[in-house]
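Report on the structure given below.
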Amino acid sequence: MDRHNILSLLGLSLRGGRLAVGEEPVEAVARARDARVLLLAADAAEGTRRRCEHFAQAGDCLWLQIPFTKAELGRALGRTAVAIAAVTDVGLAAALLHRLAELDPEQYAGAAERMDVKARRAAERRAEQAAHEKNLRRGKRRRKAPPDQTARPPAETPPERAPKGDRPRGAKPNRSRPPRDARPKPKAKARPYAHSRPVKKGKGSFRKKKEG
């Protein structure tokens, strides 16, 4: 695999908005869990290497040291020098790692296989999401089970009425009302002062007359 093809793929990723360049942009996409693989230049400083490893742990993604210097990455990406970059698209990350694996199978073959697994899972999630949105547009929903007809109690049949022409003239229709004697009698109102003595009217108290 030609090294120029790998650098060309990085340039296409940058123009497509799928590549973050520099420590601050890489840290931002890594902490947002949008980074798929972090790329470190071959001649990057030790402090940059430690920060790259820390960003990969924070974003739960891969990081690799690629066989390109900071100056080579800078020329491919339109910068003076680039020490660290991050690919945010899983398909581009898988294609890049496959090209690196062709260049150096011993160092990049395992990373390429891991990225293939992630790309396959991402494709399955996209297919499931697309199918779900399609069902929502069509208005498909889960069908409800029909109600159990055997569990319902039998409906009560109303009493049959005699035809209107068969009743004698002036007779009232049967309203299924109980007779007057069978109706419950209303309770008598309570009389709290029924057994009390009447109060005498007048002022003062009644005194007995003295006997003369």
Counting alpha carbon pairs within less than 8 Å and at least 6 residues apart, what relative contact order, in whole percent, applies to the range 1-120?
31 percent
Net charge (Lys, Arg +1; Asp, Glu -1) of residues whose beta-carbon lies under 14 Å from that of Arg114, Arg114 excluded, is +1
Under 1.5 on a/c is rounded, so check that first for the range 13-54, then, if it is not, pick prolate when a/b is larger than b/c and oblate when it is not; a ≥ b ≥ c are the square roots of the alpha carbon gyration tensor eigenvalues.
oblate
Can you bin the range 68-133 into rounded, prolate or oblate? Criterion: square roots of the alpha carbon gyration tensor eigenvalues sorted a ≥ b ≥ c, rounded for a/c under 1.5, prolate for a/b above b/c, oblate for the rest.
oblate
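Hey, got the dipole for the range 33-134? About the Cα centre, +1 on K and R Cβ, -1 on D and E Cβ, debye to the nearest 20?
Numbers: 16 positive and 15 negative charges, 64 e Å.
Roughly 300 debye, rounded to the nearest 20.
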How would the range 1-122 be classified by its alpha-carbon gyration tensor: rounded, prolate or oblate, with rounded meaning a/c under 1.5 and the a/b versus b/c comparison settling the rest?
rounded
Report the residues of the range 25-41 in range of a label on Arg79: point 7 Å along Cα→C-beta, backbone N strictly under 17 Å from it.
25-31, 35-41
Cα centroid of the range 69-133 to Cα centroid of the range 14-49, whole Å:
12 Å
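A short reminder: the numbers here are calculations on the coordinates, not readings from a lab. Computed from a predicted structure; not experimentally measured. Neighbour counts are summed over all protein chains in view; Cβ atoms, including those assigned to glycine, are modelled from backbone coordinates with ideal geometry.
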